Each structure stands twice: as C-alpha cells, then as structure tokens.
C-alpha cells in the first residue's frame, strides 16, 4: 500500500538503487550514521497528519541494499518525522540486526522509563528533536528529555537551523549530555564560516563536547540538474572547518532515502565527498569507524 500525498505534504522521489563506486578505500566497519526506513505497509504504519512531506516506501530490504551498495558495514537509523513518535517500524528493523544497526528515536516528553529501557534494548542510543519538519518533537521538550536519558549513556540529536543557536545558547550550554547536530547545522553554507550560527555551532563542539554529522550536503548547498553537482567550494570549506574543529566528534551520514528533496542525489557521490573533505586517511577512519563506534556503542 502506498502513502497518500497531500498538497501540504507532497510525495517524495524514489531513491536510486545504484550508486557511484567509491573514490577511496572504505575502511572495515564503516558506518552510515544517518538514514531512514519507511514500511511498505501504510495500513499498519500510518503517517501523521501534520507531516511536511509524504514518503515513498523504503523498507528494510532497500535500506540494507543501500548499506551494502555504498560499502557500509554498520548503520544508524533515525526515526523519520512522518511517523511522529511511533517508533515501531524502526525498532523492528533494529531488533533484526543487533550487531549491525543502532537507532535514534523520537518520543513524547512524558515517555516512561519502561519505554526508554525497551528502546535501549532494541539498539536505540539517542533521541531526536526536530524543529524543521512537521511531525517532530521540538525544543520545548529538550531539558525534560535530556534529564531522562543522560544516565542511560544516550545523546540528543538536533535537526535545527544553526542560525537559531546564538539565541538558544543560554539553554544549550547548560546541557550536560552529548548533543549531535544534524546535517552540518542545516543552514546555507554560502553564508560562510564567519556567520554567527556557524561560530555558535563550532563553540558548542569545541567547548561543550558537541558532535555534528557530515551529512545533507545537498540540503545546505545546491544541487545541479543531474543531482551530482553539489556546490563544492562552499560546502567543502564548511565541512573542513568542522573537521578542523572537532575531528573526534564527527560522523558521516548519507541521509538516505533523501526525503523532501529534488533532484534525487546519489548516495555514492555523497559518500565520495569525504575524500575531498577529509584527505587524511586516518581522520576519515575516525569519522567512518571509530567515532560512530563510540557514540552509538557498537
């Protein structure tokens, strides 16, 4: 069964099934730390009404084929916003692959300790706050959820435009658990690394132990008509500034199946950007293997 698009929630494109070959040697146990799954069973797993887009089915089999096709031995599933706080499908996939996969869930502020324990047992290692797409849980829940998960060794993951960080700094700097920023801050990289939003993100990484995901290059910069021509100069400067700031607290993610974007990018091309962003092989290994192993407790 398909998911029905609406005017307010248009349908997403179908992701590619073939991927560009690697331009560098992918290390053993490399991890794609950001992707989503969508069940083909829309009756059992309905989407929320206040979503911002309507996904196409990208079930477990497609996801595992993407990991294999891009050379990733491990993966981290992030609860997709269209399912709201219904983590059931993601959890089912995690439970079938306990050695290979970890997850990031979305829960309500009143989540019980019992539910969090069940999520931990399934392989979840963090909670996502989302202020950019409908269906997410926002900043109002930040301190409440942080207090509930800190002793579990989990982290918060933020889908936020980094231009919001300067105004939020009094709250953000009080958090005492790890925090991971999605998609390099999800702000236009053409604004430059001297922008207050980038400086705030960098400050949080350098001085407060925050992390960032080297993901979503096509969300923070432009794509050409063929889906491959990412505006290289600006996004490379941005990514390399993050690598210079905190190479021990970066992970890579494909952001597959690339929801709510057009044209459709190639996950292989996105992975190959790491060769430009991180020319040093040992640092790439940190980002692909050592850092995610530590953050997600593989």
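Does residue 28 meet the test of being within 25 Å of residue 87 (Cβ to Cβ) and either touching a residue at least 40 places away in the same chain (Cβ under 8 Å) or outside any loop (DSSP other than H, G, I, E, B) (or both)?
No; evaluated as a whole, the condition is false for this residue.
Mind checking which residues of the stretch 165-204 are part of a loop (DSSP other than H, G, I, E, B) and in contact with a helix residue (DSSP H, G or I) (Cβ under 9 Å, 6 or more places away or on another chain)?
Result: 173, 174, 175, 176, 177, 178, 186, 187, 188, 192, 193, 195.
To keep it simple, each residue is scored yes or no on (1) under 30 Å from residue 267 (Cα atoms); (2) in contact with a strand residue (DSSP E or B) (Cβ under 7 Å, 6 or more places away or on another chain); (3) modelled with pLDDT under 95; (4) surrounded by fewer than 15 Cβ atoms within 10 Å (Cβ to Cβ).
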{"position": "114", "(1), (2), (3), (4)": "no, no, no, yes"}
{"position": "120", "(1), (2), (3), (4)": "yes, no, no, no"}
{"position": "140", "(1), (2), (3), (4)": "no, no, yes, yes"}
{"position": "207", "(1), (2), (3), (4)": "no, no, no, yes"}
{"position": "215", "(1), (2), (3), (4)": "yes, yes, no, no"}
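Scan (1) out of contact with any helix residue (DSSP H, G or I) (no Cβ under 6 Å at 6 or more places or on another chain); (2) under 30 Å from residue 274 (Cα atoms) for the single condition residue 85 breaks and write down its number.
(2)
Looking only at the stretch 243-269, which residues are part of a loop (DSSP other than H, G, I, E, B) and out of contact with any strand residue (DSSP E or B) (no Cβ under 7 Å at 6 or more places or on another chain)?
Those that are part of a loop (DSSP other than H, G, I, E, B) and out of contact with any strand residue (DSSP E or B) (no Cβ under 7 Å at 6 or more places or on another chain): 246, 258, 259, 260, 261, 262, 263, 264, 265, 266.
Of all residues in the stretch 95-110, which are closer than 18 Å to residue 61 by Cβ and under 16 Å from the mean Cα position of the chain (by Cα)?
Within the stretch 95-110, 101, 103 qualify.
Would you check if there is a residue in the stretch 55-69 being farther than 24 Å from residue 212 by Cα, crowded, with 21+ Cβ neighbours inside 10 Å and either modelled with pLDDT under 95 or more than 19 Å from the chain's Cα centre (by Cα) (or both)?
For the stretch 55-69, residues farther than 24 Å from residue 212 by Cα, crowded, with 21+ Cβ neighbours inside 10 Å and either modelled with pLDDT under 95 or more than 19 Å from the chain's Cα centre (by Cα) (or both): present.
Please specify each residue of the stretch 270-285 satisfying the condition of being in a helix (DSSP H, G or I) and surrounded by 21 or more Cβ atoms within 10 Å (Cβ to Cβ).
Across the stretch 270-285, the qualifying residues are 270, 271, 274, 277, 284.
With the condition kept exactly as written, say whether any residue in the stretch 222-242 is buried (at least 18 other Cβ atoms within 10 Å of the Cβ), touching a helix residue (DSSP H, G or I) at 6+ places or on another chain (Cβ under 8 Å), at pLDDT 95 or above and not in a helix (DSSP H, G or I).
No, every residue in the stretch 222-242 fails to be buried (at least 18 other Cβ atoms within 10 Å of the Cβ), touching a helix residue (DSSP H, G or I) at 6+ places or on another chain (Cβ under 8 Å), at pLDDT 95 or above and not in a helix (DSSP H, G or I).
Quick one: what pairs do we get from the stretch 100-118, first residue in contact (Cβ under 8 Å) with a residue 60 or more places away in the chain, second in a strand (DSSP E or B) and surrounded by 24 or more Cβ atoms within 10 Å (Cβ to Cβ), C-beta under 8 Å, 6+ apart or different chains?
Hits for this filter: 102/75; 102/76; 102/77; 102/124.
The values are calculated or read from the model by the stated rules, or taken from the named source; none is laboratory data. Computed from a predicted structure; not experimentally measured. Here the Cβ is made from the backbone with ideal geometry for all residues, glycine too, and neighbour counts use every protein chain on show.
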